[in-house]
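Quick one: this structure, given as structure tokens, is what I'll be asking you about.
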Amino acid sequence: MLTIENLHVSVEEREILKGLDLSVNAGEVHAIMGPNGSGKSTLAQVLAGKDNYNVTQGRVLYRGEDLLEMEPEERARRGVFLAFQYPTEIPGVNNAYLLKAALNARREADGEQPVDAFEFMRLIRSRMELMNISKEFLNRSVNEGFSGGEKKRNEILQMLVLEPSLAILDETDSGLDVDALKIVAAGVNSLRSADRAMVLVTHYERLLELIVPDHVHVLSDGRIVKSGDHELARELDARGYDWVQQEAASA
Amino acid sequence: MNTEALSRQFAAELDRLPRSAEAAARRAAAFEAFSAAGFPTRRDEQWRYTDLKPISTAELDFAPPPPSTELVSRVAESLDQAGFDEATSRLVFIDGCYCDTLSRTTAAAGISLASLASCSEADLPVHAHAPFDGHPLATLNAAFARDGALIAAEDGARTTAPIELVFVAGGRSGLAAHPRIVIDLGQGAEVTLIQHLLDLEPGRGWFNAVTEIVQAPGSHLTLYRLQDHGTRQFHTALMRAELAEDAKLNCGYFDLGGRLVRNDFDVRLAGPGAEADLNGLFLASSGQHTDNHIRMDHIAPRTRSAESFRGIIGDRGHGVFNGKVVVHRDAQHIDARQSSDNLLLADNAEIDTKPELEIYADDVKCSHGATIGELDDDQLFYLRARGLADEEARNLLTFAFANTVLERVALPELRELVAARVAARLPNGATAGGTR
Ligand SMILES: Nc1ncnc2c1ncn2[C@@H]1O[C@H](COP(=O)(O)OP(=O)(O)OP(=O)(O)O)[C@@H](O)[C@H]1O
Ligand SMILES: [Mg+2]
């Protein structure tokens, strides 16, 4: 599904990703953990197509095609979805309008007809219930004045509506209370399937108790320095990152 | 247009109008006042950012011939198509000439609606004859105005549905229309009025209007104007209002087109407790120029004013916001706010903002803010990351910027109409889907 080879990315002359390799197959859930500032969000944003990052080396293949060549909207239409660490507030743009426009853009790319208002409502009702988002949110501006937790749940709602092939969740669990964490995990789990892949960026092992990953990676100083399974996440939770970084330095 | 040519036109026009000697003298005085100074130039502080040369050098016919029956029927058809229904109280003007067959003057009890030319001198309120010192184009209007609208509300009268004034430019090039609108509200009267300005066909002409408003104590006027001229019309207008005690004026001005647009607002809060809200939205691209020029006089205590203008300025567009607030002596407990927010969509888009305060009292709350910005990159990226095309995302955000002004329109149908017209005029012809 996704192959990242020797990816180097810099921002304003400063190298942030320094030769990152990662391979994600359909059906898998990968967790990426790592200290603050190690480059996790940079990776997520580059995959989604944010343009103020310079890719200086390496390549990224999505379903065998060069992902970095595609415009952000093309990636989205082909099934790449990024749940933002800090969802952007957009005053004056209606939440329901964006959901529908996003869905129709995706359907159009798949050669399907746009949804009508009735079908749209039917489609989102159950998903809004699952995310415990009330109907008023549809008529509010995108993320404007939403609480931290509401913004995160809104990201997952969008994901549930768009049913992406590759979902990248950047710290969707941060700032959530216990109940909201369960809701978000249930949403994510409901999308798990053999033809989808997910990359979860997180600092907390407790998310991974709810969404059990197939692989866990440690990103440190722009590189994946260690990979393992769920057990690695538990170890990191208990011991922190120092030992991994030391291991990597001595290797 | 040189002064000689203008004088010839004026002389011919004066002979044509069957008016009292008094009226003719007033016109002559106005014309003299105008020609003594001529068109204002950019050396004049009030016209620093707006160059009238495109108008002053154009060959224009100041006495437009009345529309042919064929033109009238084409206008009728297009109004019909645009969804103007017949039941609405409405005055229709084509190239400044009143069109009886397309108008409906019956209105709610206590409200009278008439074409100015059909009124006798005695029907007109006294203020309709006051000179326009400091407003040369309005003075020119006073010389040439041949028709317009009179809307008068008796004490306590209320409109049940908005009254409409529709000014259509018929597509004949080189015509200069000088309509005059007089609005006279009695005590406690409440009136909602919508002005539509539109072009039947794209044409090069000049529309130079004056709206005079007098509000008795406790009256409310809600005045919307949808100025939807094509990109080649010149449009200049003065709105002058005088508000007595506790009177309220609420304006929504939407300028969507025009080669050169200048709106002057001259509002006098003369009675304690009077309030004025001026909201505006303008679009200027393809070399268009729009200038909103406001003077707000707080003469009486406890008066409140708020001006909020938004500009969307595209390729080679130029916007101007000049807002002056004057708080007179002994006018205490004043609240005056101004804001001018502008969105620049191109590198060569320009905006000049100039707030001015003159305060001669001490218990005064005044604020003004001006912002100039571009579309937000993070917002653009968020929308594109959800699959919206770059252009669509840009238009959506541009529309969202306009939407805060549209949301203040209290009439849902009008709000939808303006939203659709704004969307159609955005650089890439967006949908208005972002509205709530
Ligand atoms: N647009 C930018 N301009 C300048 N520096 C940037 C930019 N984006 C990221 N960086 C820098 O790159 C480094 C990596 O940032 P990134 O957001 O990817 O870290 P992260 O691993 O997601 O951290 P966290 O766990 O705190 O979210 C940081 O030092 C950050 O300051
Ligand atoms: Mg991050």
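Anything in the range B:382-400 that is surrounded by fewer than 23 Cβ atoms within 10 Å (Cβ to Cβ), of a type outside the set (A, V, I, L, M) and at the interface with chain A (Cβ under 8 Å from one of its Cβ atoms)? List them, or say none.
The answer is B:D390, B:E392.
Quick test for you: out of A:R239, A:R153, pick the one residue that is among the basic types (K, R), more than 14 Å from chain B (Cβ to nearest Cβ), surrounded by 15 or more Cβ atoms within 10 Å (Cβ to Cβ) and away from ligand 1 (no atom under 16 Å from the Cβ).
Being among the basic types (K, R), more than 14 Å from chain B (Cβ to nearest Cβ), surrounded by 15 or more Cβ atoms within 10 Å (Cβ to Cβ) and away from ligand 1 (no atom under 16 Å from the Cβ) holds for just one of A:R239, A:R153, which is A:R153.
Here's another thing I want to ask about it. Mind checking which residues of the range A:1-17 are out of contact with any Leu (no Cβ under 7 Å at 6 or more places or on another chain) and surrounded by fewer than 18 Cβ atoms within 10 Å (Cβ to Cβ)?
Correct list: A:E5, A:N6, A:S10, A:V11, A:E12, A:E13, A:R14, A:E15.
Right, next: Assess whether A:L82 counts as being in contact (Cβ under 8 Å) with a residue 40 or more places away in the chain, within 30 Å of B:N403 (Cβ to Cβ) and more than 16 Å from ligand 1 (Cβ to nearest atom).
no
Pick out, from the range A:36-119, the strands (runs of 3 or more DSSP E) lying fully within it that include 3 or more residues that are more than 14 Å from chain B (Cβ to nearest Cβ) and either under 20 Å from the mean Cα position of the chain (by Cα) or crowded, with 22+ Cβ neighbours inside 10 Å (or both).
In the range A:36-119, the matching strands (runs of 3 or more DSSP E) lie at A:54-62.
Another question, if that's okay. Among the listed residues B:S103, B:S120, which satisfies the condition of being of a type in the set (S, T, Y) and either more than 20 Å from B:I183 (Cα to Cα) or within 22 Å of the chain's Cα centre (by Cα) (or both)?
Values: B:S120 fails: either more than 20 Å from B:I183 (Cα to Cα) or within 22 Å of the chain's Cα centre (by Cα) (or both).
Unique residue meeting the criteria: B:S103.
Answer yes or no: is there a residue in the range B:413-425 that is surrounded by fewer than 16 Cβ atoms within 10 Å (Cβ to Cβ), part of a helix (DSSP H, G or I) and among the hydrophobic types (A, V, I, L, M, F, W, C).
Let us first name the residues in the range B:413-425 that are surrounded by fewer than 16 Cβ atoms within 10 Å (Cβ to Cβ), namely B:413, B:416, B:420, B:424.
Filter again for part of a helix (DSSP H, G or I), leaving B:413, B:416, B:420, B:424.
Of the ones still in play, those that are also among the hydrophobic types (A, V, I, L, M, F, W, C) are B:420, B:424.
Yes - at least one qualifying residue is present in the range B:413-425.
For the range B:94-146, give me the residue count where each residue is of a type in the set (K, R) and part of a loop (DSSP other than H, G, I, E, B).
Of the residues in the range B:94-146, 1 are of a type in the set (K, R) and part of a loop (DSSP other than H, G, I, E, B).
Now a separate question. Do we have any residue at all in the range B:326-347 that's away from every other protein chain (no Cβ under 14 Å), crowded, with 22+ Cβ neighbours inside 10 Å and β-branched (V, I, T)?
yes
Please indicate, with yes or no, whether at least one residue in the range B:360-373 is out of contact with any Asp or Glu (no Cβ under 9 Å at 6 or more places or on another chain) and either surrounded by 14 or more Cβ atoms within 10 Å (Cβ to Cβ) or within 11 Å of another protein chain (Cβ to nearest Cβ) (or both).
no
Mind listing whichever residues of the range B:376-409 are under 23 Å from B:G257 (Cα atoms) and not in a helix (DSSP H, G or I)?
Those that are under 23 Å from B:G257 (Cα atoms) and not in a helix (DSSP H, G or I): B:E407, B:R408, B:V409.
Do the conditions hold for A:Y62, that is, is it over 22 Å from A:M198 (Cβ atoms) and away from ligand 2 (no atom under 16 Å from the Cβ)? Step through it out loud before you land on a result.
Working: over 22 Å from A:M198 (Cβ atoms): no; away from ligand 2 (no atom under 16 Å from the Cβ): yes.
When the stated conditions are applied, A:Y62 does not pass them.
Conditions tested, residue by residue: (1) of a type in the set (A, V, I, L, M, F, W, C); (2) closer than 27 Å to B:L243 by Cα; (3) in contact with a His (Cβ under 9 Å, 6 or more places away or on another chain); (4) outside the structural domain of B:L380 (by TED's automatic domain parsing).
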| position | (1), (2), (3), (4) |
| --- | --- |
| B:A284 | yes, no, yes, yes |
| B:Q288 | no, no, yes, yes |
| B:N292 | no, yes, no, yes |
| B:I312 | yes, no, no, yes |
| B:D315 | no, no, no, yes |
| B:D330 | no, yes, no, yes |
| B:E350 | no, no, yes, yes |
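For the range A:3-35, which positions are more than 13 Å from ligand 2 (Cβ to nearest atom), part of a loop (DSSP other than H, G, I, E, B) and within 26 Å of A:E205 (Cα to Cα)?
Residues satisfying the conditions are A:N25, A:A26, A:G27, A:E28.
If you scan the range A:162-205, which residues turn out to be within 16 Å of ligand 1 (Cβ to nearest atom) and either over 22 Å from A:L2 (Cα atoms) or assigned to a loop (DSSP other than H, G, I, E, B) (or both)?
The answer is A:E171, A:T172, A:D173, A:S174, A:G175, A:L176, A:T202, A:H203, A:Y204, A:E205.
Filter the range A:206-236 for residues that are surrounded by 18 or more Cβ atoms within 10 Å (Cβ to Cβ) and in a loop (DSSP other than H, G, I, E, B); which is farthest from the chain's Cα centre (by Cα)?
The extreme case among them is A:G222.
Checking the conditions here, which among B:V261, B:V210 is at pLDDT 95 or above, touching a Lys or Arg at 6+ places or on another chain (Cβ under 9 Å) and buried (at least 22 other Cβ atoms within 10 Å of the Cβ)?
Working: B:V261 fails: touching a Lys or Arg at 6+ places or on another chain (Cβ under 9 Å).
Exactly one residue qualifies, and that residue is B:V210.
For B:A76, indicate whether it is surrounded by 13 or more Cβ atoms within 10 Å (Cβ to Cβ) and either closer than 29 Å to B:H220 by Cβ or touching a residue at least 40 places away in the same chain (Cβ under 8 Å) (or both).
No: the conditions fail for B:A76.
Follow-up question, since we're still on this one. Of the conditions (1) within 17 Å of B:H178 (Cα to Cα); (2) over 23 Å from the mean Cα position of the chain (by Cα); (3) surrounded by 11 or more Cβ atoms within 10 Å (Cβ to Cβ), B:P65 satisfies every one except a single condition; which number is it?
With (1) within 17 Å of B:H178 (Cα to Cα); (2) over 23 Å from the mean Cα position of the chain (by Cα); (3) surrounded by 11 or more Cβ atoms within 10 Å (Cβ to Cβ) applied to B:P65, the lone miss is (3).
Further question on the same structure: Considering every residue within the range A:13-33, establish whether at least one is in contact with an Asp or Glu (Cβ under 9 Å, 6 or more places away or on another chain), within 14 Å of another protein chain (Cβ to nearest Cβ) and within 12 Å of ligand 1 (Cβ to nearest atom).
no
To continue, here is another question. For the range B:117-147, give me each residue that is in contact (Cβ under 8 Å) with a residue 40 or more places away in the chain and of a type in the set (S, T, Y).
Passing the criteria: only B:T139.
The values are calculated or read from the model by the stated rules, or taken from the named source; none is laboratory data. What you are looking at is a predicted structure, and each value in this text was computed from that prediction instead of being measured. Glycine also receives a Cβ, built like all others from the backbone with ideal geometry; neighbour counts cover every protein chain displayed.
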